[in-house]
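The values are calculated or read from the model by the stated rules, or taken from the named source; none is laboratory data. Note that the coordinates shown come from a computational prediction; the quantities given were computed from them, not determined experimentally. Here the Cβ positions follow ideal geometry from the backbone for every residue, glycine too, while neighbour counts run over all protein chains shown. These accessible areas exclude ligands, DNA and RNA; they are computed on the full protein's heavy atoms, side chains included. Shrake-Rupley method; radii C 1.70, N 1.55, O 1.52, S 1.80 Å.
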Amino acid sequence: MKQHAFGPIPGSTILRGIAGHKTIVMAANIRIASVADGIFRAAKDTDSAVFMEIARSESDLKGGYTGLTPQVFSEKMNEAAKRAEFDVWALHADHITIKKGDAAEIDGTKELIDAQIGAGYTSFAIDASHLFNFEGKNVREELEENIRVTTDLARYIKAKMKGTEFGLEVEVGEIGRKDGSGLILTRPEEAVGFIRALNENDVFPHVLAIANGSTHGHTYDANGNVVEQLSIDIPQTKAIAKALRDNRLQVGIAQHGITGTPRDLINLHFPKGDIIKGNVGTFWQDVVFSTLKVYEPALYKSIQDWTLEKYRPLNAGKSDRQIFDGNCKMAIKEFFKDLYSLEAATEHAIQSMAYAESLIFFRAFGAYGSASVVRKTL
């Protein structure tokens, strides 16, 4: 796929380019494309490298729950980058999730990867973390299926990219998984064992997603109210990064589930340089819906009513606020035409909000100037 001057560059180029710097690259998960212009403008004004990403559940061959196929998502991100005239960004296939690992699921996954490569994606996240053997007698046995599937798909991507560089993210420990004692955290020996096994299979990821206390989306109190997410275990994250370094495994950490984490805490306490990629997803969806509340309240009410009518029966005991927050993403495809034909004033407000919030994220991530750092390596 031929790229214009402001097309995406390999995720590997960005991640290697910032190596040794106390910087986290923001990976913005774009469920509704309106926010992309604001994010790209902020990236340009702060000279911050950025990933624009979308997950398999959100964007598959049928459009996922956002209505965006890989091709449509690529086109919208490329158009936004060109309008902003920004050049240091990657187009990332987030959470290419495999839950069963059987032949049919693997074949379907490869079809999706083909479409993503055809659409010009430059970075890929293989998520086989669900394939965990709780009966395993050691780390290698526990992770055997994850290793097998991740190796298969990583080799497939490499073959299909035909010598073109790309970013590779892998995942150990299912993010948000709980047992009777709470969230299950990745142990340093799991991270080391996983990456070492992949390296033995000639697979060399640039970034590793771990389970370190975060959850995707919002967190709630006992009354169903959204609260700040303070569950990320920083000491555990540092311990994993140190274990990887001590074993000479050249891979950084991807921090998922950042929505709701106070940005002053990110700025002061996240181990930048250990964490090199930070995913921000639900936050951008919130920017759109909170703007609609004021600028197009009738549309917002229609989205709210549809979500509550469909999902209230499936969420007994939860407040309407919690039900809406947890399921409004499923309305994006249902209201696709409306969300992509907003009034000009609404679009301007969304883009302005996305711009301002991106400035704060880039600052908290220590990302200002990172684009120039990457350019020096090109």
How far apart, in nm, are the 7 Å Cα→Cβ label points at Asn199 and Phe134? 3.1 nm
FRET efficiency for Lys160 and Ser319 from the Cβ-Cβ distance with R0 = 35 Å, rounded to 0.05, comes out at 0.15
Exposed loop sites here are trypsin sites (Lys or Arg not before Pro) in DSSP loop states with at most 10 other C-beta atoms within 10 Å. What is the longest stretch of the chain lacking them? 249-375
So if we plug the beta-carbon distance of Ala345 and Asp45 into 1/(1 + (r/R0)^6) with R0 = 30 Å, what FRET efficiency do we get, rounded to 0.05? 0.85
I'd like the accessible area for Glu165, computed on protein heavy atoms only with a 1.4 Å probe and all protein chains in place. Round to 10 Å², please. 90 Å²
Name the most mobile residue of Val294, Val170, Val72, meaning the one with the largest mean-square fluctuation, in a Gaussian network model of the chain with Cα contacts below 10 Å. Val294
Any idea which of Phe324, Ile266, Val35 is furthest toward the positive side of the dipole for the chain, if Lys and Arg beta-carbons carry +1 and Asp and Glu beta-carbons -1? Ile266
Each residue of region 168-174 in order: what ³J(HN,Hα) in whole Hz does its phi give by Karplus 6.51 cos²θ - 1.76 cosθ + 1.60, θ = phi - 60°, with x for Gly and Pro? 9, 10, 10, 9, 10, x, 5
Spelling it out for Ala27: with amide H atoms placed in the peptide plane at 1.01 Å from N, the residues 5 or more places away or on another chain with amide H under 5 Å from its amide H are Phe51, Gly278, Asn279, Val280
Can you list the HN-Hα couplings for region 345-352, worked out from phi with the Karplus curve (6.51, -1.76, 1.60; θ = phi - 60°), rounded to whole Hz and with x for Gly and Pro? 5, 5, 4, 4, 5, 4, 5, 5
At 0.36 nm per residue, and after removing the present C-alpha to C-alpha distance, how many nm does the segment from Glu309 to Ser290 gain when stretched out fully? 4.8 nm
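Students often get this wrong, so check it: of Lys310/Lys337; Lys110/Lys333; Lys82/Lys301, which have C-alpha atoms separated by over 28 Å? Present the calculation step by step, with values, prior to reporting the outcome.
Details: Lys310/Lys337 19 Å; Lys110/Lys333 24 Å; Lys82/Lys301 34 Å.
Correct reply: Lys82/Lys301.
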Cross-link partners among lysines for Lys238, C-alpha distance below 27 Å, same-chain residues fewer than 8 apart left out? Lys22, Lys137, Lys178, Lys272, Lys277
With θ set to phi - 60° and the Karplus curve 6.51 cos²θ - 1.76 cosθ + 1.60, what are the ³J(HN,Hα) couplings of region 77-85 in order, to the nearest whole Hz, using x for Gly and Pro? 5, 5, 5, 5, 5, 5, 4, 7, 6
Solvent-accessible area of His21, probe 1.4 Å, all protein chains present, reported in Å² to the nearest ten, please. 80 Å²
Using Cα springs under 10 Å in a Gaussian network model of the chain, which residue among Asp305, Asp45, Asp325 shows the largest mean-square fluctuation? Asp305
